[in-house]
Structures are given as structure tokens and as C-alpha cells.
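Below is one structure; the comments refer to it alone.
The values are calculated or read from the model by the stated rules, or taken from the named source; none is laboratory data. Computed from a prediction, not measured in an experiment: that's the story for all the values here. All Cβ positions, glycine included, derive from the backbone under ideal geometry; neighbour counts span all protein chains shown.
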Amino acid sequence: MIYSSRHLMEMRGQFLSITAEQWVLLLLGLVAGGFLWILFNRRVVYRLHCHLNSRSYTINVVAAVESMIGGIVFLLNAGLVYLSTIVASFFLFAFAVAGLLVGAWITLPASFE
């Protein structure tokens, strides 16, 4: 989308109107969300991946299961983004954005062999 200079100045004004406390909440939300969802990826997805590989399922089945888990994480965090706009919570918004990124990361296959 092409923005005019008026739109750019409005966005600049919105960024400048964010207080220091709100920036801290955004940063804490990103750190907490990234930590939690990466921990989820390591604990749940990686263990499931190893379990499916030990049962000698095909690579396509393992990738499909990982993609479904990633899609669920992505949709859950999309709902959290919507909730954070209703509640107007900077922490929840940043937490959900980190979760969206990790959900997209899980959804993508590990290799294209």
C-alpha cells in the first residue's frame, strides 16, 4: 500500500505518543512471548518430531503434523492479537506477535529435501 506523506506523519505521531512504560511493556511482551513459544517448540514439537521419527513415519507425515501444530499456534496468537486490540494491552500484543512469528517458524518445514 502506498502511503502519502500525511499518513506517514500520522504514523510518526502515533509512535512518538507511546510512553516509556508502554515501550517497556512491548519489550517485556516480546521477550516473554519469544521465550515461552520457543520453549514450547523445544519441549513439545521437538519431542513429537523425535517420537514420530522413531516410529518410522514418512517425512511427509512428520512435516504435516508439525505444520498443523504451527498453524494452531499461529491461529491462537492471531486471536491473542485481536484480544489485545480490544483490551488495549501492549504486553499481550507483543506476546502474541512473538507467538505469531514462532508459529510461522514451526509451520515451515525444516528442510526441502
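What's the total number of residues in the range 51-100 that are surrounded by 13 or more Cβ atoms within 10 Å (Cβ to Cβ) and part of a loop (DSSP other than H, G, I, E, B)?
2
With (1) in a helix (DSSP H, G or I); (2) modelled with pLDDT under 85; (3) exposed (fewer than 14 other Cβ atoms within 10 Å of the Cβ) as the list, and Gly103 as the residue in question, which single condition is left unmet?
(3)
Write out, first by first residue and then by second, each pair whose Cβ atoms fall under 6 Å of each other, whose residues are 6+ apart or on separate chains, and whose first residue, in the range 22-42, is over 19 Å from Leu75 (Cα atoms) and in contact (Cβ under 8 Å) with a residue 24 or more places away in the chain while the second is of a type in the set (A, V, I, L, M) and surrounded by 14 or more Cβ atoms within 10 Å (Cβ to Cβ).
Once the first residue is over 19 Å from Leu75 (Cα atoms) and in contact (Cβ under 8 Å) with a residue 24 or more places away in the chain and sits in the range 22-42, its partners that are of a type in the set (A, V, I, L, M) and surrounded by 14 or more Cβ atoms within 10 Å (Cβ to Cβ) give Leu26/Ala94.
With the requirement that a residue be under 18 Å from Phe95 (Cα atoms) and in contact with a helix residue (DSSP H, G or I) (Cβ under 7 Å, 6 or more places away or on another chain), what does the range 37-68 give you?
Trp37, Ile38, Asn41
Can we say Leu30 is of a type outside the set (Phe, Trp, Tyr), surrounded by 12 or more Cβ atoms within 10 Å (Cβ to Cβ) and in a helix (DSSP H, G or I)?
Yes; evaluated as a whole, the condition is true for this residue.
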